Amino acid sequence: NAGVTQTPKFQVLKTGQSMTLQCAQDMNHNSMYWYRQDPGMGLRLIYYSASEGTTDKGEVPNGYNVSRLNKREFSLRLESAAPSQTSVYFCASSERFFGPGTRLTVL
Amino acid sequence: QKEVEQNSGPLSVPEGAIASLNCTYSDRGSQSFFWYRQYSGKSPELIMSIYSNGDKEDGRFTAQLNKASQYVSLLIRDSQPSDSATYLCAVYNNDMRFGAGTRLTVKP
């Protein structure tokens with residue numbers, strides 16, 4: 001029982017590059033979330049998925065896309081990375097369980 | 001705009017004292033309220049959730065909700081040095097909004 005897993009743990013990108021952050025949960029939860037956390041700003045919701053097959057925008061969706069591939073997996077894609085997307089990204093399964101985070105730096 | 005406000009701290013209390021953390025929110029339609037603890041460099045951990053007015057106790061933690069005043073608080077009794085962390089308040093109404101967090105230091 002791994003809980004919530006995220007890959008990669010660290011990533012450095014150049015401006016304009018694309019990448020996908022992966023998240024998986026093994027707790028059979030319907031809802032999954034993607035957040036970003038910047039220093040002094042708490043967590044901000046990027047996208048969420050209330051159930052398999054549905055996704056909705058959160059507070060800061062611009063520059064991101066998501067896919068709820070199945071009940072277990074919820075991925076976050078940056079199509080053209082910008083320095084403003086440098087942050088720590090957390091995936092959550094329900095409101096209760098968070099993954100370990102991905103530290104992303106965009107140069 | 002849905003705002004969630006917390007005092008950034010730092011809040012410092014001696015070991016064994018009661019720590020009181022406060023949070024206000026602007027969205028009157030908010031339905032669910034959460035407190036998370038986050039140690040430096042780690043992911044948030046849910047410690048309390050509350051959905052109706054009044055108090056909810058779980059061990060040394062008590063959450064208090066007053067929807068009329070749009071106010072939710074967390075009390076930590078018998079504070080321990082291991083409680084030193086940042087505490088995040090979160091409010092749910094169709095999406096989740098977090099406050100910036102209050103840093104708590106418990107001094108031995």
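The values are calculated or read from the model by the stated rules, or taken from the named source; none is laboratory data. Because the structure is a prediction, the values reported are computed rather than measured. Cβ: placed from backbone, ideal geometry, glycine included. Neighbour counts: every protein chain shown. In case anyone asks, the SASA skips ligands and DNA or RNA and just uses the protein heavy atoms, side chains included. Shrake-Rupley method; radii C 1.70, N 1.55, O 1.52, S 1.80 Å.
Descriptive notes on the structure:
- Output for region A:25-38, where each listed residue is open to solvent by 40 Å² or more (accessible area, probe 1.4 Å) and of a type in the set (S, T, N, Q): A:Asn28, A:Asn30
- Residue ID - most open to solvent (accessible area, probe 1.4 Å), chosen from residues in region B:33-50 that are in contact (Cβ under 8 Å) with a residue 12 or more places away in the chain and assigned to a loop (DSSP other than H, G, I, E, B): B:Ser40
- Whenever a residue of region B:76-102 is without any contact (Cβ under 8 Å) to a residue 40 or more places away in the chain, its partners that are polar (S, T, N, Q) and open to solvent by 10 Å² or more (accessible area, probe 1.4 Å), lying with C-beta atoms within less than 8 angstrom and at least six residues away or across chains, give the pairs B:Ser84/B:Thr105.
- Evaluation of B:Val4 against the conditions (1) within 23 Å of A:Ser94 (Cβ to Cβ); (2) β-branched (Val, Ile, Thr); (3) open to solvent by 80 Å² or more (accessible area, probe 1.4 Å) shows that the sole unmet condition is (3).
- For region A:1-24, a residue qualifies if it is of a type in the set (S, T, N, Q) and open to solvent by less than 40 Å² (accessible area, probe 1.4 Å), and exactly one does: A:Gln6.
- Count of region B:68-108 residues, restricted to those that are of a type outside the set (A, V, I, L, M, F, W, C) and under 16 Å from B:Lys56 (Cβ atoms), is 5.
- In region A:39-68, the qualifying residues are those that are more than 13 Å from every other protein chain (Cβ to nearest Cβ) and not polar (S, T, N, Q), and the one that is most open to solvent (accessible area, probe 1.4 Å) is A:Glu52.
- Condition met for A:Ala81 (surrounded by 13 or more Cβ atoms within 10 Å (Cβ to Cβ), in contact with a strand residue (DSSP E or B) (Cβ under 9 Å, 6 or more places away or on another chain) and assigned to a strand (DSSP E or B)): no
- For region A:87-107, a residue qualifies if it is within 10 Å of chain B (Cβ to nearest Cβ), hydroxyl-bearing (Ser, Thr, Tyr) and not in a loop (DSSP other than H, G, I, E, B), but none of them does.
- Selection from region A:1-22 of residues that are in a strand (DSSP E or B) and of a type in the set (Val, Ile, Thr): A:Val4, A:Thr5, A:Thr7, A:Val12, A:Thr20
- Members of region A:33-62 found to be under 12 Å from B:Met96 (Cβ atoms) and part of a strand (DSSP E or B), listed by number: A:Tyr33, A:Trp34, A:Tyr35, A:Leu43, A:Arg44, A:Leu45, A:Ile46, A:Tyr47, A:Tyr48, A:Asp56
- In region A:10-38, the residues that are within 14 Å of another protein chain (Cβ to nearest Cβ) and of a type in the set (Gly, Ala, Ser): A:Ser31
- Extreme residue, nearest to the chain's Cα centre (by Cα), among residues of region A:1-57 that are within 23 Å of B:Tyr87 (Cα to Cα) and without any contact (Cβ under 8 Å) to a residue 12 or more places away in the chain: A:Gly42
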